[in-house]
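Notes follow the structure.
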Amino acid sequence: MLAEAYRDLKYLLNRGYRKSVALNFVANHYRLRKEERHLLARCVFPDSWIEEVKRKLLRPEEIRDRVLGVDGFNVLITLESLLSGKAILCEDGLIRDLAYRGRYRPHEKTEENVKLIASALARLSPKEVIVFYGKNAPRSGTVRELTLKALEELGINGEVRLVQSPDHELKAFKNVATADVGIIERVEGVFDLPGFIGGLLGLRPVPLSELLKGKMKFSV
């Protein structure tokens, strides 16, 4: 049933239907569960979008000596989802989280995961890193301090900012680390930072294609 819903949604998207309208129609028709609806919403795109992202995706070596804007909570949540086996490789080549979350809440592993991000950035050798966190998230100041400390310890030239809208700030950058569609469509280059970290750790996200073929169990 999920594969059939995917095919119908894909057809409608390629015909120019808005995703929200097409997804609602398909999800209701196939009586999809909330988790299945979430999966399709996060990971299915028209072919035109897939080609656009393919042109924008940056290789690790292309980050060197560039200024990189980082969507802090987006990257952190996606990484944690990947570490827990609940991330998916979407049609556009980016990894996204499957877990349902509200605002990010720091926990006992947050500092360790922030250090993983900083370590990966050190390997990439960007000219400068600007990390943005939404200031309205619970204990966002704590996450900011952990991130700033991790960058400073590794000698990474950068800033960590608490802002009202990270999306708004990141749209002004040429190159960003995010999986947010609204940001990606406005920038020149996008880098899958959680995917890069996963590769260093030998972690493999679940490909959407394998879920649709029933080769892997779908869970969040």
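The values are calculated or read from the model by the stated rules, or taken from the named source; none is laboratory data. In this text, all values refer to a predicted model and were calculated from it rather than measured experimentally. In this analysis, Cβ positions are derived from the backbone assuming ideal geometry, glycine residues included, and neighbour counts consider all displayed protein chains.
Can you find even one residue in segment 142-154 that is crowded, with 17+ Cβ neighbours inside 10 Å, within 28 Å of Leu39 (Cα to Cα) and out of contact with any strand residue (DSSP E or B) (no Cβ under 7 Å at 6 or more places or on another chain)?
Within segment 142-154 (the criterion being crowded, with 17+ Cβ neighbours inside 10 Å, within 28 Å of Leu39 (Cα to Cα) and out of contact with any strand residue (DSSP E or B) (no Cβ under 7 Å at 6 or more places or on another chain)), the answer is no, since none of the residues qualifies.
Given (1) touching an Asp or Glu at 6+ places or on another chain (Cβ under 7 Å); (2) buried (at least 17 other Cβ atoms within 10 Å of the Cβ), where does Asn157 come up short, assuming only one miss?
(2)
Identify the residue in segment 14-41 that is crowded, with 17+ Cβ neighbours inside 10 Å and among the basic types (Lys, Arg) and, among all such residues, is nearest to Ala179 (Cα to Cα).
Here the residue is Lys19.
Checking the structure you have, find out if any residue of segment 64-72 is at pLDDT 95 or above, part of a helix (DSSP H, G or I) and under 26 Å from Ile130 (Cα atoms).
Checked against the condition, which is being at pLDDT 95 or above, part of a helix (DSSP H, G or I) and under 26 Å from Ile130 (Cα atoms), segment 64-72 yields at least one hit.
Answer with yes or no whether Tyr11 is assigned to a loop (DSSP other than H, G, I, E, B), hydroxyl-bearing (Ser, Thr, Tyr) and out of contact with any Asp or Glu (no Cβ under 7 Å at 6 or more places or on another chain). Walk me through it before giving the result.
Working: assigned to a loop (DSSP other than H, G, I, E, B): no; hydroxyl-bearing (Ser, Thr, Tyr): yes; out of contact with any Asp or Glu (no Cβ under 7 Å at 6 or more places or on another chain): yes.
Here the answer is no, as Tyr11 does not meet what is asked.
Quick one: how many residues across segment 97-123 are closer than 26 Å to Lys54 by Cα, modelled with pLDDT under 95 and not small (Gly, Ala, Ser)?
Residues of segment 97-123 closer than 26 Å to Lys54 by Cα: 97-99, 116-123.
Going one step further and asking which of them are modelled with pLDDT under 95, we end up with 97-99.
Now narrow it down to the ones that are not small (Gly, Ala, Ser): 97-98.
Of the residues in that region, 2 qualify.
Quick one: is Asn74 in the same structural domain as Ile197 (by TED's automatic domain parsing) and of a type in the set (S, T, N, Q)?
Against the criterion (in the same structural domain as Ile197 (by TED's automatic domain parsing) and of a type in the set (S, T, N, Q)), Asn74 qualifies.
Just the residues that are without any contact (Cβ under 8 Å) to a residue 60 or more places away in the chain and surrounded by 15 or more Cβ atoms within 10 Å (Cβ to Cβ), please, taken from segment 122-138.
Ala122
So which of Glu36, Glu91 ends up being acidic (Asp, Glu) and at pLDDT 95 or above?
On the way: Glu36 fails: at pLDDT 95 or above.
One residue alone meets the criteria, Glu91.
Scan segment 150-168 and give yes if some residue there is over 20 Å from Ile77 (Cα atoms), of a type in the set (Lys, Arg) and assigned by TED's automatic domain parsing to the domain that holds Ala118, otherwise no. Steps first, answer last, please.
Narrowing segment 150-168 to residues over 20 Å from Ile77 (Cα atoms): 152-158.
From the residues that got through so far, the ones that are of a type in the set (Lys, Arg) too are none.
So far as segment 150-168 goes, no, none of its residues is over 20 Å from Ile77 (Cα atoms), of a type in the set (Lys, Arg) and assigned by TED's automatic domain parsing to the domain that holds Ala118.
Filtering segment 170-180 down to residues that are of a type outside the set (S, T, N, Q) and buried (at least 17 other Cβ atoms within 10 Å of the Cβ), which residue is nearest to Glu112 (Cα to Cα)?
As a first pass, look at segment 170-180 and keep what is of a type outside the set (S, T, N, Q): 170-174, 176-177, 179-180.
Within this subset, residues satisfying the condition of being buried (at least 17 other Cβ atoms within 10 Å of the Cβ) are 170-171, 173, 176-177, 179-180.
Values: Leu170: 25, Lys171: 28, Phe173: 27, Val176: 22, Ala177: 19, Ala179: 22, Asp180: 24 Å.
Checking each candidate, the answer is Ala177.
Here are some conditions: (1) in contact with a helix residue (DSSP H, G or I) (Cβ under 6 Å, 6 or more places away or on another chain); (2) under 17 Å from Gly199 (Cβ atoms); (3) touching a residue at least 40 places away in the same chain (Cβ under 8 Å). Ala99 meets all but one. Which one does it not meet?
(2)
Which of the residues belonging to segment 14-52 are β-branched (Val, Ile, Thr), within 18 Å of the chain's Cα centre (by Cα) and in a helix (DSSP H, G or I)?
Correct list: Ile50 only.
Please work out which residue is modelled with the lowest pLDDT, limiting yourself to segment 1-13 and to residues that are surrounded by 14 or more Cβ atoms within 10 Å (Cβ to Cβ) and not small (Gly, Ala, Ser).
Only one residue tops the list, namely Leu2.
Tell me which of these Gly182 doesn't satisfy, since it passes every other one: (1) in contact (Cβ under 8 Å) with a residue 40 or more places away in the chain; (2) within 20 Å of Phe45 (Cα to Cα); (3) in the same structural domain as Cys90 (by TED's automatic domain parsing).
Here Gly182 meets the rest and fails (1).
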